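Chemist: Quick one: this structure, given as structure tokens, is what I'll be asking you about.
The values are calculated or read from the model by the stated rules, or taken from the named source; none is laboratory data. Just so we're clear, the structure is a prediction, and the values are computed from it rather than from any experiment. Here the Cβ positions follow ideal geometry from the backbone for every residue, glycine too, while neighbour counts run over all protein chains shown. For the accessible areas, the whole protein counts, side chains as well, though only heavy atoms, and no ligand, DNA or RNA atoms are used. Shrake-Rupley method; radii C 1.70, N 1.55, O 1.52, S 1.80 Å.
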Amino acid sequence: MSALGGGGGALRNASTALAISSTESFAGTPSCHTKRVRRPPGSFYWLHAVTPAPPLDTTTLKQLVFVSDYAESMIPPEIGPPKSSSQSPRSPSGAPFLSISVTDPVKLGNGVQAYISYRVITKTNLPEFQGPEKIVIRRYSDFVWLHDKLADKYKGIFIPPLPEKSAVEKFRFSAEFIEMRRQALDIFVNRIASHPELKQSEDLKTFLEEDEEAMERIRSFETGIFKKPADLLQMFKDVQTKVTDVVLGKEKPVEETDPEYEKLKHYIFGLEDHLTETQKQAVRLVKRHRELGQSLSEFGKAIKLLGACEGDSLGKVFAELGSKSELLSIKLQKEAHNLLMNFEEPLKDYVRCVQSIKDSFSHRANAFRLHCELTETTKLKEINLEKLNLMRSDKTREAEIEYRELKAESEEATRRFETIIKRMNEEIVRFQEQKTAEMGLAFHLFAKGQAKLANDIADAWRSVLTKIEAYSLSSGHD
Amino acid sequence: MMGPEIASGFDSPPEREEMESLALSDASASAYRSAMSSIPASISASSDGDPLLAPPPTLHFPISSSASGHGGNPATSTASSFLDPPSYADVVFSPFDSHNGHGGCGSGADNGSLLRSDSSPRSARAAKSDYIKISVSNPHKEQETANSLVPGGGTYFTYLITTRMRAGFAANGDGESEPVEFGVRRRFRDVVTLSDRLAEAYRGFFIPPRPDKSVVESQVLQKNEFVEQRRSALEKYLWRLAEHPVIGKSDEFRVFLQAKGKLPLPTTTDVASRMLDGAVRLPKQLFGEGAAAQVVPQEVVQPAKGGRDLLRIFKELKQAVTNEWGGVKPLLVEEDKEFLEKKEKMQDLEQQLSSASQQAEVLVNAQQSIGETMGEIGLAFIKLTKFETEEAVYSSQRIRAADTKNVATAAVKASRLYRELNAQTVKHLDTLHEHLGLMLAVNSAFSERTSALLTVQTLMSDLATLNTRVDKLEAASSKIFGGDRSRLHKIEELRETIRVTEDAKGCAIREYERIKENNRNELNRLDQERKDDFLSMLKGFVINQVAYSEKLANVWATVAEDTSNYVRGNS
């Protein structure tokens, strides 16, 4: 695979971002087109020196390196080097860029508290960042923090999804799971970094630039004092509105009835069903490849032994068939892995994206409800105020202040609601375009892998066929 | 006394193990068989319903010339395209084209699969047999004429067995040189009779094992399914018999296939009545020629197991026990080193065959599942395409839908290719299973040899006992001058018995030698056959894999090409 540059990142194509890949760090991830930092071999853990954690089994990780095709191509074009305006990726000073790579997963801690930490490398020429390159250590929960912050602040934007919280305990530290998660996290931050709005977020900057202690402080401050009450407050509000809804006889909370929005919702829910089913089949296809590989290897062994009974040159033909079976078994396992990373994982990511769209539906519903309620109350207040005006009551002044405040609040709510609508309308276009590109790539890699596998199989058996022909000629069959 | 006991304690277990492994391999064999027969169900089922495959209306169907051989007539070649999936014919196969014509792998030999619906790649051997066609068809339900005690158990199926013999082999004796076709109706019980007769008459031969009675299956399976399974099993069985150089030419087999009406071979009487009768004469007289040189005291040349002679059973059992436990060296032991080596080899082979056959089954199942899952992926993508097309708002969605459709189509195609490949794989790897089945025949031929040896041993120790008694009596009578009348009479009697026993011993030894000879010939034949079969199997398997893999590669390469614009840097 092309990303396997063996430490000497070959330029895949002048117009694409360079993949810096060094086998020992399996950084087959999108890095950018500026200066290519070549870490000296052996410097793998220099940042992690704090904890002398045992490195992950490098041999198992090494074989995972080749999967990065998908991840590498996931960087949306806008953060890649400018396509036509500047053909020199090595002199990026002109075009602004921000590229992040999540690399070097290392297991830290022991037992229940064990976790994986990642090195997050940022390369940029954006003036708001501290420098052209910054490296920080982050763990999964830091990514969750970033996600939640953005989800809170940028309602209406489809926040790039995170990989699932945890797999079955048994697989939590398996090389494959770690690599899949690393890839997914890499895609996650790069999607944020390439998003026109999200990339300007302060939280992203915090995430990319603060040192580990500061990061820890910010997170504990928020979870301890700030975040939880906010959550509670929101919960109270939700319960409250529900109760009032029931009391006031509003069986259903107010909902938007925009037909286009209805259609979108219908589409997203349907899409989720279809994708879930497809992804399930993809998981099975991966499993089937493994099973076929397994059975081919067993078959190969049995055939070899059977051939040994025949002894003579026919036995050799059997042995040849047996060893090719075993060889193909390995190819099948590889293709299974390729499928997992480049086909099944994108499909899963697709499902996650759809789920993140569903999150924004609920944000939109909340905003809409607030907007309606406030408009309603403002109207009431206005009528009240007019009444008071007519009566020339003393309370007029007080009521007017109250009305003004409420009106401002209402306008704010409306604005927020409208922002959400606007954002979603933009986002859905982005989503569709992005997914067309991503699925196209996944399809391509799927087809390429299958074609390669089939060709390998054909080649392997063809070579056995020549042996068989030779044998039947020599033994005078015919 | 401990010594021999320990020694024999070491001796006896292998036999038991052998039994167990036999039982095991039998079970696995039938499982494999059912897996094998269930997978290409579509193929065998189609061969049943296909009008082209039904026997021609005229039973005596002359073929224009003997040169036309297998695939000569046009009906055959058109029909073969029905049977075989569009396999290698349309695959570009230039480097190997020249070799396609033999070993049952090329298209030419494929035509043979019309005649042998199981079509394992053995047409080369089939060509040597007297038969150019054996088909079992038209299962028909019939009512038992004799009232059965079990209510509802009074029905059975008969099958039409149609055979066409090679020119010059027909048994009508008038020197007619054109191939002749026969059609008879037989029920499963007749097949059992045939196989029993063959087992009696051809001791020491590797007689292909007959399909199981499978009482359970007949109750569990759907009637049609069961009948179809049995039909194809019978057809396979008859082909195997026909291909056997000796059995295929035997009178028993010929009578079974050609005699009109009820099967003239007498049904084997059950054990109890055999016990009462003491002995059952061979049906040789039926054919009026006494083909094989049967020797006079027929009981000795038959194994005692069948229960012909209670006394003999006990005697031989005693001999067997003496052999095993007594630590006394029997008067005649198996000394054929070459045979013993060969036997061990065969046991090893059986074990490897059994595991290879099991693995082949696993492989075939895995291949089947990957095809099925590929099909399901395709289906899921088709649904997704439909959904996206219906809901499309943006052009990017339509593009995606088109891409998805491409992949869906490819996946469905791939699924079909996998399935076709698998049907072919089943066909080829079935050779493993067939040979595993033959190992049963080998084992029973070997045990015939052992039991013949046991008969010889029993007779020899009988003789020894008799001689001792005579010696004793003579010694005793010699002490009395002039002799003891009664003793002399006794000695005379004993001498008579000894003479008869000597005769019997002579027969038994001849029979034993005959079986040994048969064993040897059969082993050589089987070795050669197995080599041929395995070669064809490997070749067929590999050619199929290559052909279908190439097709799969093409399908996916097209999709990869169509989607290559999504790879960054390629646009």
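Chemist: Being open to solvent by less than 70 Å² (accessible area, probe 1.4 Å) and in a helix (DSSP H, G or I) is the filter here; which residues of segment A:385-405 pass it?
Modeler: Result: A:Leu385, A:Leu388, A:Thr396, A:Ala399, A:Glu400, A:Tyr403.
Chemist: Among the residues of segment A:306-364, what is the count of those that are part of a helix (DSSP H, G or I), over 30 Å from A:Pro160 (Cβ atoms) and not small (Gly, Ala, Ser)?
Modeler: Adding up the residues that qualify gives 17.
Chemist: Being in contact with an Asp or Glu (Cβ under 8 Å, 6 or more places away or on another chain), surrounded by fewer than 20 Cβ atoms within 10 Å (Cβ to Cβ) and within 24 Å of B:Leu440 (Cβ to Cβ), is that true of even one residue in segment B:507-526?
Modeler: Among the residues of segment B:507-526, at least one is in contact with an Asp or Glu (Cβ under 8 Å, 6 or more places away or on another chain), surrounded by fewer than 20 Cβ atoms within 10 Å (Cβ to Cβ) and within 24 Å of B:Leu440 (Cβ to Cβ), which makes the answer yes.
Chemist: Same structure again: Within segment B:226-246, does at least one residue satisfy the condition of being of a type in the set (A, V, I, L, M), modelled with pLDDT under 85 and farther than 18 Å from B:Tyr131 by Cα?
Modeler: Yes; the residues of segment B:226-246 include at least one that is of a type in the set (A, V, I, L, M), modelled with pLDDT under 85 and farther than 18 Å from B:Tyr131 by Cα.
Chemist: Scan segment A:309-323 for residues that are under 17 Å from B:Leu363 (Cα atoms) and more than 9 Å from chain B (Cβ to nearest Cβ) and jot them down.
Modeler: Listed by number, the residues that qualify are A:Gly322, A:Ser323.
Chemist: Now for a different question. Checking B:Ser395 against (1) in contact with a helix residue (DSSP H, G or I) (Cβ under 6 Å, 6 or more places away or on another chain); (2) small (Gly, Ala, Ser); (3) more than 8 Å from chain A (Cβ to nearest Cβ); (4) over 22 Å from A:Val283 (Cβ atoms), only one condition comes out false. Which one?
Modeler: Unmet condition: (1).
Chemist: May I pose another question? Working only within segment A:174-205, note down all residues that are of a type in the set (Gly, Ala, Ser) and over 10 Å from the mean Cα position of the chain (by Cα).
Modeler: Within segment A:174-205, A:Ser174, A:Ala175, A:Ala193, A:Ser194, A:Ser201 qualify.
Chemist: Determine whether segment A:372-384 contains at least one residue that is within 14 Å of another protein chain (Cβ to nearest Cβ), farther than 30 Å from B:Thr385 by Cβ and not charged (D, E, K, R).
Modeler: Looking for residues that are within 14 Å of another protein chain (Cβ to nearest Cβ), farther than 30 Å from B:Thr385 by Cβ and not charged (D, E, K, R), one finds none in segment A:372-384, hence no.
Chemist: Output the residues belonging to segment B:336-389 that are open to solvent by 20 Å² or more (accessible area, probe 1.4 Å), closer than 17 Å to A:Gly322 by Cα and either among the aliphatic types (A, V, I, L, M) or not in a helix (DSSP H, G or I) (or both).
Modeler: Hit for segment B:336-389 is B:Val362, nothing else.
Chemist: Please count how many residues of segment A:298-308 are modelled with pLDDT of 90 or more, crowded, with 21+ Cβ neighbours inside 10 Å and more than 7 Å from every other protein chain (Cβ to nearest Cβ).
Modeler: Residues meeting the conditions: 1.
Chemist: Taking segment B:158-182, which residues are modelled with pLDDT of 80 or more and surrounded by fewer than 18 Cβ atoms within 10 Å (Cβ to Cβ)?
Modeler: Result: B:Thr158, B:Leu160.
Chemist: Could you please find all residues in segment A:438-470 being within 7 Å of chain B (Cβ to nearest Cβ), in contact (Cβ under 8 Å) with a residue 60 or more places away in the chain and open to solvent by 10 Å² or more (accessible area, probe 1.4 Å)?
Modeler: Residue satisfying the conditions is A:Ile457 alone.
Chemist: Determine which single condition A:Ile428 fails, assuming it passes every other condition in (1) facing chain B (nearest Cβ under 9 Å); (2) crowded, with 20+ Cβ neighbours inside 10 Å; (3) in contact (Cβ under 8 Å) with a residue 40 or more places away in the chain.
Modeler: (2)
Chemist: Just for segment B:398-434: of the residues that are under 18 Å from A:Ile268 (Cβ atoms) and surrounded by fewer than 23 Cβ atoms within 10 Å (Cβ to Cβ), which one is farthest from the chain's Cα centre (by Cα)?
Modeler: Per the stated criteria, the residue is B:Arg398.
Chemist: So how many residues does segment B:528-537 have that are free of Cβ contacts under 8 Å to residues at least 12 places away in the same chain and touching a helix residue (DSSP H, G or I) at 6+ places or on another chain (Cβ under 9 Å)?
Modeler: Residues in segment B:528-537 being free of Cβ contacts under 8 Å to residues at least 12 places away in the same chain and touching a helix residue (DSSP H, G or I) at 6+ places or on another chain (Cβ under 9 Å): 1 in total.
Chemist: Which ones in segment B:541-571 are touching a helix residue (DSSP H, G or I) at 6+ places or on another chain (Cβ under 8 Å), more than 30 Å from B:Leu429 (Cα to Cα) and not β-branched (Val, Ile, Thr)?
Modeler: Correct list: B:Ala560, B:Asp562, B:Ser564, B:Asn565, B:Tyr566, B:Arg568, B:Asn570, B:Ser571.
Chemist: On the given criteria, is A:Gly131 assigned to a loop (DSSP other than H, G, I, E, B) and surrounded by 17 or more Cβ atoms within 10 Å (Cβ to Cβ)?
Modeler: So A:Gly131 fails the test.
Chemist: Okay, next question. Quick one: is B:Thr563 touching a residue at least 24 places away in the same chain (Cβ under 8 Å) and facing chain A (nearest Cβ under 8 Å)?
Modeler: Answer is yes for this residue.
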